[in-house]
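The values are calculated or read from the model by the stated rules, or taken from the named source; none is laboratory data. Not measured: the values here are computed from a predicted model. No Cβ is skipped: glycine too gets one built from the backbone with ideal geometry, and neighbour counts run over all protein chains shown. Areas reflect the complete protein model, heavy atoms only, side chains present, ligands, DNA and RNA absent. Shrake-Rupley method; radii C 1.70, N 1.55, O 1.52, S 1.80 Å.
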Amino acid sequence: MTGKEIDPHTALTGEISIFGEVLPVGGVEEKVQAAVEAGAELVFVPDQNFNSSLLNFGAEVVAANNINQVLERIFAEEIKESEENILTAKGAV
């Protein structure tokens, strides 16, 4: 989409519906643990699977209920630059 690589220290789990909803999956604790052991520092999990025990693995665990939440976090810098470019272009017209 943007040509930007996702930070290799980011992990995601869950199912995405055709409406962009992040749906729950099984084995989330094991998946978070495996991701952290593989070097993940940021892990996105379905909101419905989130529980406080996921915070004990040493990574930032973010609960998401929509893929847009994930994309906005991962591509925050690109979104900000895009908005600035749009505002600059509008001001130049």
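Considered as a group, the residues in region 1-40 that are farther than 14 Å from ASN51 by Cβ and assigned to a helix (DSSP H, G or I) include one that is most open to solvent (accessible area, probe 1.4 Å), and that residue is GLU37. Entry remark, region 2-45: residues being over 16 Å from ASN66 (Cβ atoms) and without any contact (Cβ under 8 Å) to a residue 12 or more places away in the chain number 7 in total.
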